[in-house]
Amino acid sequence: MFKIGGKIKKLTTSGATNFRSSELVFRNNIIKVNSTIRSYLFESYFHLFNCYFFYFISSIILEDTGTLNPYEEIFWIFIVCLLVSTIFRVAFGLRAKIKYFDLDAKVFYVANSFKKRMSIPLAEIDKLYLIRFHNSSTNNNYNGYEFSLTTKSDATYLLMNHSDFYSMKNEIKKLADILGVPFEILVAGDIYEDPILE
């Protein structure tokens, strides 16, 4: 994947959250990438704001004595707020991907929430990578970590990216051991040398 002497780059274009937004869940012969509760915070705040907006506008309508049919207006505002929340939920659902390893079927499944899943045989997985990169935003700067896998045909699949190095390092070691594939821990921007497989 990386050439010796070349610069190490992230394998995907995604950024990273500054908290643990996903985790590997090892259950029986299924290893699934699950979102943590914290990953839903932004969406939850939006829905709460939407509810507050509905309450605020409804109270103004009820206080306005000139309104002929306040309950009809409140009903239509409710429909609009519900529609906006639904569109927001669908948009987040389209972004979410279902990713899991089925050890019985010996395949890795990856799919968008609303699309047919694609399967990759576990024997096709070449290596796991944990790549550290610098992530900067207007509020703060922090190190992000990208946990991805590559196949023998040079395809790359992002499993997760966030800023919790300790948990990600433990998960990549455990997954590499179960799958029987090597992994590397690298730093974006460094020069790639002979791999020291963990």
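On a 19 Å Cα-Cα criterion, which of the cross-link pairs Lys97/Lys173; Lys32/Lys106; Lys127/Lys174; Lys9/Lys127; Lys3/Lys152 come out too long? Write out the running numbers ahead of the final one.
Numbers: Lys97/Lys173 23 Å; Lys32/Lys106 14 Å; Lys127/Lys174 13 Å; Lys9/Lys127 16 Å; Lys3/Lys152 15 Å.
Correct reply: Lys97/Lys173.
State the extension gain, in nm to one decimal, for the chain segment bounded by Thr151 and Asn170, taking 0.36 nm per residue of separation less the distance between their alpha-carbons.
Working: separation 19, 0.36 × 19 = 6.84 nm, distance 2.14 nm.
Gain on extension, Thr151 to Asn170, equals 4.7 nm.
With Cβ to Cβ distances under 11 Å as the rule, what net charge do the other residues near Ile61 carry (K, R +1; D, E -1)? Numbers along the way, then the final one.
Values: positive: none; negative: Glu63, Asp64, Glu72, Glu73.
Taking every Cβ under 11 Å from that of Ile61, the sum is -4.
Counting other Cβ atoms within 10 Å, keep those with at most 14, restrict to DSSP loop, and tell me which trypsin sites (Lys or Arg not before Pro) in the range 123-188 are left. List each step's numbers first, then the result.
Values: sites: Lys127, Arg132, Lys152, Lys169, Lys173, Lys174; in loops: Lys152.
Answer in residue order: Lys152.
Between Asp126 and Ala91, what is the label-to-label distance in nm when each label sits 7 Å out along the Cα-to-Cβ direction?
Roughly 3.7 nm, to one decimal.
If packing is taken as the average number of other Cβ atoms within 10 Å across a peptide's residues, how do 153-160, 76-83, 142-149 rank, most packed first? Mind showing how you got there, number by number?
On the way: 153-160: 16.1, 76-83: 12.6, 142-149: 20.9.
So the order, starting with the most tightly packed, is 142-149, 153-160, 76-83.
What FRET efficiency comes out for Leu82 versus Phe56 if R0 is 22 angstrom and r is the Cβ-Cβ distance? Round to the nearest 0.05.
Details: r = 16 Å, r/R0 = 0.72.
It comes out at approximately 0.85.
Got a sec to turn the phi values of the range 149-163 into Karplus ³J(HN,Hα) couplings, 6.51 cos²θ - 1.76 cosθ + 1.60 with θ = phi - 60°, whole Hz, x for Gly and Pro?
Values per residue, Gly and Pro as x: 10, 10, 9, 5, 9, 6, 7, 10, 10, 7, 8, 6, 8, 7, 10 Hz.
Subtract the Cα-Cα distance of Leu48 and His134 from 0.36 nm times their separation in residues, and report this length gain in nm to one decimal.
Additional length available on full extension: 27.8 nm.
Return the long-range amide H neighbours of Leu186 (sequence gap of 5 or more, or a different chain), with a cut-off of under 5 Å between placed amide H atoms.
Leu130, Ile131, Arg132
FYI, it's all coordinate maths here, none of it is from the lab. It should be emphasised that the depicted structure is a prediction, and the values quoted were computed from it without experimental measurement. Every residue, glycine as well, gets a Cβ built from its backbone with ideal geometry; the counts of neighbours run over all protein chains shown.
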